């Protein structure tokens, strides 16, 4: 090889070494990209199909271990566990202001009456599909329910507008094996308390524009489930933060189909929920 | 567990699962009575496999020969695909028997629980397969507990 060729090759090697040395190693991040859907058909996961709490799961576990519960249908155990997490975990954390707004009749839910899509606080606990796409500068999420999309910015940017929006403003970062999202600037709306499996009726409620939510998403040890831990803070509604959990199952074969046939109800009756 | 409580148990969880499936977008309780089921037989005249709720119409003749059109409301396409449903799961012109929760007002409308085809095959919702798995897990858990207790001196 001629001298020019040797020099060129050496220069190229040095350049590559310098390039590698100067480029910061990309921090490891979990691979959450893909389609997720309703949780595995397991007792605990099903209880967390919408949301659950550690308190509710502990009560469910105790009921399942109690021989006195063996003759009760599993639906009855769900009701007991849901009631426990409502009365022993959620209710003591509610402010007096928030307690005045519990007990929404489902016939008055704007999602039912007006086909109005859910706001952020309910949508992140929506059942069925959740599609996640991780990019360099952002994460895109789309929910099957209402086909609502949201963007989580990874550059820490401020909201484009000072006005709160239905899905708020989300920024995120990776923390080890978790995607952590902070959302604020959320328009006051219905809270997720009334959703559940089964719903602990009658116990719906509202949140204020002061709501801030930290979502922490990670994969289960076997990689087949997506776990959410959501910490919700709202000085108007909550005396202290509330932590809700949720589970999805890896569902690569599923798709999000159009959500365009919502019809306002032509017949309904108020006061039909158990008091 | 004898037969009667088991039937009540199944009806209870079906009602709760119906409510949960429907609560995602449309409230179930204001329209349907989850504590009751009604059965109709007739011919499918339409099937829309859409969100937020799939719907079907069924022409149901009475003994005098009059035909009433019933509407069957399902969970949404998003939910039904989890139970293996497709656009072609039910064909127009097919004769079926439908079990569902009636409305509070007694109008010709049901919330779907189960369909039995003329050849006897059964179409269920996602709740039926989930219920079966949950009951199986619970049975195993009880067996494990009883087995551990029997080994304890």
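Here is how the numbers come out for the structure above:
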read-out: Scattering profile of region B:38-153 at q = 0.15, 0.22 Å⁻¹ [log10 I(q)/I(0), Debye over alpha-carbon scatterers]; value: -0.69, -1.24
read-out: Column: log10 I(q)/I(0), Debye, Cα scatterers of region B:19-106, q = 0.11 Å⁻¹; value: -0.32
read-out: Fraction of the pair-distance distribution of the protein assembly as shown above 36 Å, Cα-Cα pairs, percent; value: 33 percent
read-out: Extension gain from residue A:99 to residue A:133, taking 0.36 nm per residue of separation minus the Cα-Cα distance; value: 8.5 nm
read-out: Degrees, to the nearest 10: A:3-22 long Cα axis against longest axis of chain A; value: 30 degrees
read-out: Relative contact order, percent, region A:172-275 [alpha-carbon distance under 8 Å, six or more residues apart]; value: 21 percent
read-out: Where labels lie 7 Å past Cα in the beta-carbon direction, separation of residue B:148 and residue A:261 in nm; value: 4.7 nm
read-out: Helix-derived mean residue ellipticity, 222 nm - over the protein assembly as shown, DSSP H n ≥ 4, -39500 (n - 2.57), to 500; value: -8000 deg cm²/dmol
read-out: Gyration tensor verdict on region A:127-195 (Cα atoms; rounded if a/c is under 1.5, prolate if a/b is larger than b/c, oblate otherwise); value: oblate
read-out: Region A:57-96: translational diffusion in µm²/s, Stokes-Einstein, Kirkwood Rh over Cα pairs, 25 °C, 0.890 mPa s; value: 228 µm²/s
read-out: Inter-label distance for residue A:221 and residue B:128, nm, one decimal - labels placed 7 Å from Cα along Cα-to-Cβ; value: 3.6 nm
read-out: Nearest-ten-degree value, helix A:54-65 long axis tilted from longest Cα axis of chain A; value: 60 degrees
read-out: Top of A:255, A:263, A:88 by mean-square fluctuation, Gaussian network on chain A, Cα under 10 Å; value: A:263
read-out: Fewest-first ranking of A:70, A:65, using other Cβ atoms within 10 Å as the exposure measure; value: A:65, A:70
read-out: Region B:20-153, relative contact order [Cα under 8 Å, separation at least 6], %; value: 23 percent
read-out: Taking A:250, A:118 and counting other C-beta atoms within 10 Å, the order from fewest to most; value: A:250, A:118
read-out: For a label point 7 Å along the Cα-to-beta-carbon line of residue B:35, residues of region A:65-107 with backbone N under 16 Å; value: A:76
read-out: Neighbour-count ranking [beta-carbon atoms within 10 angstrom, fewest first] of B:135, B:73; value: B:135, B:73
read-out: Under 19 Å from the residue B:121 label point (7 Å along Cα→beta-carbon), backbone N, region B:45-75; value: B:45-49
read-out: Cα-based shape type of region A:114-263, given that a ≥ b ≥ c are square roots of the gyration tensor eigenvalues and the cut on a/c is 1.5; value: rounded
read-out: Percentage relative contact order, chain A, counting C-alpha pairs under 8 Å, at least six apart; value: 25 percent
read-out: Whole-Å semi-axes of region A:56-129's equivalent ellipsoid (Cα gyration tensor); value: 29, 17, 12
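Each value in this text was obtained by applying a stated rule to the coordinates, not by laboratory testing. A quick note: this is a predicted structure, and the numbers were derived from the prediction, not measured. Backbone-built Cβ (ideal geometry, glycine too); neighbour counts: all protein chains shown.
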